[in-house]
Amino acid sequence: MPEPLDVLLSLCAADALGAATEFKSPDVIQARYGAAFRAYQPGSVFGFAPGEATDDSQMVVATLLGAARGEGHAGVLAAFREWLAAAPPDVGGLTRQALRLTFTEPQRLDGGALAWERGGFDGAGNGGLMRVAAAWLLGHRGAALAREAAVLTALTHADPRCVYASVFLTAFMEALADGQAYAAAAQAALGVMDSLDARDVLVEAGVLGLHTQDAHRAFRGREREARAQVRARVRSGLDGTVTSQSGYVLDTLEAAVAHARRADWWACVEPAVLGGDDSDTVACVVGAVVGARGLSTPPELLPELRLGHSWPGWDRGWIATQHLPNVLARAARSVAGTTSSP
Ligand SMILES: [Mg+2]
């Protein structure tokens with residue numbers, strides 16, 4: 001059984017590798033860095049230094065810091081807002097909007113649904129998928145993991161494609177961590193996705209509510225098709241198809257499923273980094289999946305691994321291996337204390 005800390009370091013290291021190639025094309029990447037990509041490199045468009053992980057890893061850690069507050073999902077949102085208020089080098093558009101829309105009413109959890117409404121129900125970016133591994137890292141398992149993945153995602157990304165992609169991903173991680181073979185784990189995770197009534201979960205959590213009845217209707221009208229699309233992209237990913245490494249959630253999911261089935265850590269992560277476009281996010285999701293498979297992060301990547309932002313609870317200069325253990329332990333203790341009490 002892989003240790004959560006090792007999974008966390010894996011996703012951070014993969015993200016930090018992808019920081020240099022984000023938004024570049026494969027041709028430009030090959031011309032600048034060569035055909036192999038096995039060390040942190042300069043060249044991030046957001047100014048991340050070699051070894052610095054981007055918003056994807058930062059928001060995983062922000063989720064952990066928020067969970068440690070013991071205030072449920074409102075605590076997670078508060079931690080996201082603290083991260084955003086410290087002006088990170090990169091923030092996804094829908095994430096920023098979702099966090100801003102309820103800024104003056106921080107107890108409200110429906111900013112993601114409001115942002116989805118404002119965008120004409122069009123936004124299905126990967127900004128929830130990229131950070132949802134936190135639900136598994138926090139120790140949620142089984143049906144509770146599926147529910148947590150849905151809610152954490154919809155805090156900023158309420159489109160059912162985003163929500164169900166995340167429910168699949170965390171169930172996939174759980175099945176892989178339990179030792180299931182890759183394709184069997186994916187099949188089991190699709191079963192978890194099919195059995196979850198995510199809309200019910202989001203209503204119960206207050207993510208869909210009185211103020212977001214249009215979003216509720218749109219979710220209801222689209223959830224069946226969304227599940228079918230996730231299923232189709234998981235299957236094509238299992239066959240090795242990578243349609244695109246764009247920021248569209250289903251492209252990211254398919255690419256991650258395709259890359260992360262290979263033999264070892266580098267064989268999974270390196271193609272995601274070399275593929276460019278939203279390479280840091282694809283690599284980050286690959287890092288989470290291969291970590292759950294029990295593949296270890298190459299040790300040479302660990303001494304320089306950092307997060308490329310300072311905010312309350314984290315300092316940009318901190319070495320990940322020195323400070324992530326505490327962050328993770330405090331968050332997991334808080335969640336275990338909450339869920340085990342009567
Ligand atoms: Mg990023």
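Rule-based calculations on the coordinates, nothing more; no lab input. Quantities reported herein were computed from a predicted structural model and do not represent experimental measurements. Note that we place each Cβ from the backbone using ideal geometry, even for glycine, and neighbour counts take in every protein chain shown.
Structure values in brief
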quantity	calculated
Cα→Cβ-extended label distance, 7 Å offset, between Gln322 and Leu238, nm	4.5 nm
Spin-label pair Ala181/Arg224, simplified geometry with 7 Å Cα→Cβ offset, distance in nm	3.4 nm
Computed FRET value (nearest 0.05) for Asp315 with Asp200, which takes r as the C-beta separation and R₀ as 51 Å	0.80
Approximate spin-label separation Ala74-Ser25, in nm, with each point projected 7 Å along Cα-to-Cβ	5.0 nm
The stretch 117-152-the stretch 256-312 distance, computed between alpha-carbon centres (Å)	19 Å
Cα-centred dipole magnitude for the chain, charges only on beta-carbon of K, R (+1) and D, E (-1), debye, nearest 20	360 debye
